[in-house]
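The values are calculated or read from the model by the stated rules, or taken from the named source; none is laboratory data. The structure presented is a predicted model; accordingly, all values stated were derived computationally and were not measured. Every residue, glycine among them, receives a Cβ derived from its backbone with ideal geometry; neighbour counts consider all protein chains shown.
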Amino acid sequence: MISDTFIKRPITAIVISMVLVIVGTLAILSLPVSQYPDITPPVVRISSQYVGADATTVEQTVTTPIEIQVNGVPGLNYLQSNSNNDGSSSINVYFDIGTDISNATTEVQNRVNIATPILPDEVKRLGITVRRRNPSGLLNVAIFSPKGTHNIQFLDNYTNIFVRDALLRVKGVGDIFTRTDDFSMRIWLQPDKMASLGLTASDIYNAIQEQNIQVAAGSFGTPPSPTVNLLNTKQLSMEDSAVQMISAGSLSGLILLMVP
């Protein structure tokens, strides 16, 4: 019996064990990562945003229609969805181990495109993101200003513009979740003044949508005469712009830019 040999010759057993450990260590160091077996199922994440909606509305108008279409995609194992009171919706689509994640992402994107026409216009305007990712975070990165020379708004904007895009280009990175905020304008409404002026929240929202645009209207003039660029701009840039917009009514402007 082999067991009797190792019991009667402990030195031989120790030597063989050491050889096995050394060979296994060398194999681990030289084995490519692509040769490791898959132990976690591939995941495709569907993210969307319905601004102003509560969790119930998001579930009924966004999450459920997408789940109905995505359900039954080839290789699907199970779905996991989450609808929040901030209007965000996230659906994790888990596939069987060994499924080609690239093909799975394409299949999910096609199913989402089928559900898009029945989604609210606000959701379609903001867009629906479909990305392959692992829900477990690999690395947490914190960015700060050591000497306090930059505020949080600058760091958030720097992270969104430079750091996030650079990390997304790293091979093997599926997605990056950031807690940074983009530059934006927050408007607080006074119900009493709105009632006295006969305005509703929808009226103010539509006014902001109409005026927060910047469209090039074209140009005329050819060299050697100066070129005149026409720019029809209504883009809001400061907090007091919203106050002036609401109080003054509809604003429009035509700016002539002389280019030497």
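Being part of a loop (DSSP other than H, G, I, E, B) and among the acidic types (Asp, Glu) is the filter here; which residues of the range 1-52 pass it?
Residues of the range 1-52 that are part of a loop (DSSP other than H, G, I, E, B), as a first pass: 1, 9, 31-32, 36-42, 50-52.
Within the range 1-52, just Asp38 meets the criteria.
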List, please: which pairs have Cβ atoms under 6 Å, are six or more places apart or on different chains, and start with a residue in the range 106-129 that is closer than 17 Å to Val93 by Cβ and assigned by TED's automatic domain parsing to the domain that holds Thr57 and end with one that is small (Gly, Ala, Ser) and buried (at least 16 other Cβ atoms within 10 Å of the Cβ)?
Ile128/Ser48; Thr129/Ser47
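Find the residue count for the range 61-79, including only residues that are surrounded by 13 or more Cβ atoms within 10 Å (Cβ to Cβ) and either among the β-branched types (Val, Ile, Thr) or farther than 12 Å from Ala115 by Cβ (or both).
Within the range 61-79, the first condition is being surrounded by 13 or more Cβ atoms within 10 Å (Cβ to Cβ), and the residues that meet it are 61-70, 73, 75-77, 79.
Checking which are either among the β-branched types (Val, Ile, Thr) or farther than 12 Å from Ala115 by Cβ (or both) leaves us with 61-64, 66, 68, 70, 73, 75-77, 79.
The number of residues fulfilling the criteria is 12.
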In the range 193-212, residue farthest from Glu122 (Cα to Cα) [restricted to those that are charged (D, E, K, R) and free of Cβ contacts under 8 Å to residues at least 12 places away in the same chain]:
Lys193
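Yes/no per residue for (1) closer than 30 Å to Asn82 by Cα; (2) loosely packed, with under 10 Cβ neighbours inside 10 Å; (3) in contact (Cβ under 8 Å) with a residue 40 or more places away in the chain; (4) not assigned by TED's automatic domain parsing to the domain that holds Gln109:
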site: Ile16; (1), (2), (3), (4): no, no, no, yes
site: Leu29; (1), (2), (3), (4): no, yes, no, yes
site: Ser47; (1), (2), (3), (4): yes, no, yes, no
site: Val51; (1), (2), (3), (4): yes, no, yes, no
site: Glu59; (1), (2), (3), (4): yes, no, no, no
When only residues in the range 141-166 that are surrounded by 12 or more Cβ atoms within 10 Å (Cβ to Cβ) and charged (D, E, K, R) count, which is nearest to the chain's Cα centre (by Cα)?
Arg164
Among residues belonging to the range 182-203 that are at pLDDT 85 or above and of a type in the set (A, V, I, L, M), point out the one that is nearest to Gly52 (Cα to Cα).
Leu189
Has the range 63-79 got at least one residue that is in contact (Cβ under 8 Å) with a residue 24 or more places away in the chain, among the polar types (S, T, N, Q), in a strand (DSSP E or B) and not assigned by TED's automatic domain parsing to the domain that holds Phe177?
yes
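Quick check on Gly127: is it surrounded by 13 or more Cβ atoms within 10 Å (Cβ to Cβ) and under 19 Å from the mean Cα position of the chain (by Cα)?
Values: surrounded by 13 or more Cβ atoms within 10 Å (Cβ to Cβ): no; under 19 Å from the mean Cα position of the chain (by Cα): yes.
In short, no.
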If Tyr94 meets every condition in (1) assigned to a strand (DSSP E or B); (2) in contact (Cβ under 8 Å) with a residue 60 or more places away in the chain apart from one, which number is that one?
(2)
